[in-house]
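Readers should treat all values here as calculations from the given coordinates under stated rules, not as data from a laboratory. Owing to the predicted nature of the structure, the values given are computational and were not obtained by experimental measurement. Cβ sites come from the backbone with ideal geometry, for glycine too, and all protein chains shown count toward neighbours.
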Amino acid sequence: MEERITMVDFNNENTITTPAGDVVKILILQRRNDFIEALEAYRKQQNSGVSSDIYIVQARLYSFFLELSASLYRTMKPEDFEELKLLLESKIYEDLIRGFNIINMWLDEKKLIRLDTKNQYDRRRAEEENKAYKV
């Protein structure tokens, strides 16, 4: 049975029930967005010649990782998971970007951020495709 979270819209007096998995997906996407915004601010400062610390970028990325850590631990090889943790603890920009790319690719594999989710239609096999969809 799917767990559902009940939320109240205080402006509307209606109760909205949302599956817990959907709420978690939204939280993950929000953490990802938070990291990208911190990275954008850091890059703006760097490119404008202002010296800036990378600690906010690192903190946002680590929060993003914590949101996903149980799933990452369950699906990654132990040595890959440990390497990812080391990358995220680094204060080196390239390490943080590499760590983010690992997480981003994982999210793509899980189809959370994938945009190209439609199956490609093979025109050469039109009859077989039609037979597959007949009920």
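Peptides 41-47, 104-110 ranked from most to least packed give 104-110, 41-47, packing being the mean of other C-beta atoms within 10 angstrom over each peptide's residues.
Inter-label distance, residue 124 to residue 82: 4.6 nm, where each label sits 7 Å from its Cα along the C-beta direction. For the residue pairs 44/110; 85/111; 91/111; 44/111; 44/77; 110/131, the C-alpha atoms sit more than 27 angstrom apart in 44/110; 91/111; 44/111; 44/77; 110/131. For region 31-115, the gyration tensor built on C-alpha atoms gives a prolate shape. Its axis ratio a/c (a ≥ b ≥ c) is at least 1.5, and a/b is the larger of a/b and b/c.
Peptide packing: for 23-36, 70-83, the average count of neighbouring Cβ atoms within 10 Å per residue gives the ranking 23-36, 70-83, highest mean first.
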